[in-house]
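To start, the structure under review is shown below, and the notes come after it.
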Ligand code: O7M
């Protein structure tokens, strides 16, 4: 089964609660990040916890170990169950996030290769493999890899084995849900659900990946 993670990149608490209310029966997790947290405050995490779904903080944390630790502590105190960190800052910075996540009983995922075209300027083949290997070394729970490039997801799977692959890029960015679903553990979908006239129906349209 591949899970569906809603990327809730709306700008206000009211919109976030409305979309979550409509879609929660059809999704397995919610991911929020700067757009919603800067718009509504970190306390939106507590409000969203009413839906009883894993809540992932997508701040793509990318600092020195001490600052990463401080950020991660805030995240887990706020009620999140997982955090996403960049990997390019290196072993000690990634470990800081993993350690805080695991002490809090949560998860930590490492970005390897991003889904947009510009990702290939610096994060393509070779570097992404090293970042995936670092995620394994640091005992992270999984990686972020691009639904827009299924062949790259296959290559990164070789490195991380059974750890989770969370994959954005379906829908608005052109990736195919049918093609990517069998290769990953969780499909991250944003605009094609929350911008839809009927978000519940849009979320439900991805139900086939959960079977
Ligand atoms: O479906 P979309 O394109 O509206 O949203 C995709 C979400 O995934 C959005 O929250 C992006 O910030 C995020 N994302 C990518 O689109 N590409 C990446 O390479 C990485 C992420 C991500 O979630 O990183 C953790």
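Derivation of every value follows stated rules applied to the coordinates shown; laboratory data play no part. What you see is a predicted model, and the numbers here were worked out from it, not measured in a lab. So basically every Cβ, Gly included, is an ideal-geometry build from the backbone, and we count neighbours across all protein chains shown.
Observations on the model:
- Working note: 222 nm ellipticity from helices only, DSSP H runs with n ≥ 4, each -39,500 (n - 2.57), summed and divided by the residues of the chain, gives -11500 deg cm²/dmol to the nearest 500.
- Most tightly packed first, judged by the mean number of other beta-carbon atoms within 10 Å of their residues, the peptides 162-171, 117-126 read 162-171, 117-126.
- Taking a quarter of the surface of the Cα convex hull of region 68-167 gives a mean projected area of 5.9 nm².
- Cα centroid separation, region 84-149 to region 189-209 (Å): 27 Å
- Taking each residue as 0.36 nm, the span from residue 91 to residue 125 lengthens on full extension beyond its C-alpha to C-alpha distance by 10.3 nm.
- Kirkwood-based Rg to Rh ratio, region 43-85, C-alpha trace: 1.00
- Among 179-187, 137-145, 43-51, the peptide with the highest mean count of other Cβ atoms within 10 Å heads the list, and the full ranking is 137-145, 179-187, 43-51.
- When each of 67, 85, 23 is scored by the number of other beta-carbon atoms lying within 10 Å, the sequence from fewest to most is 67, 23, 85.
- Over region 1-51: Rg over Rh, Cα atoms, Kirkwood Rh: 0.95
- Semi-axes of the equivalent ellipsoid of the chain are 25, 22, 14 Å, computed as sqrt(5λ) over the eigenvalues of the C-alpha gyration tensor in descending order.
- Across the alpha-carbon atoms of region 105-211, the computed radius of gyration and Dmax are 14.0, 43 angstrom.
- When the Gaussian network model of the chain links Cα atoms closer than 10 Å, the mean-square fluctuations of 73, 21, 197 top out at 197.
- Coordinate range of the alpha-carbon atoms in region 1-124 per principal axis, descending: 39, 34, 32 Å.
- Residue exposure sequence - 109, 34, 26 - by fewest surrounding Cβ within 10 Å: 34, 26, 109
- Once the Cα-Cα distance is subtracted from the 0.36 nm per residue extended length, the residue 204 to residue 77 segment shows a gain of 42.6 nm.
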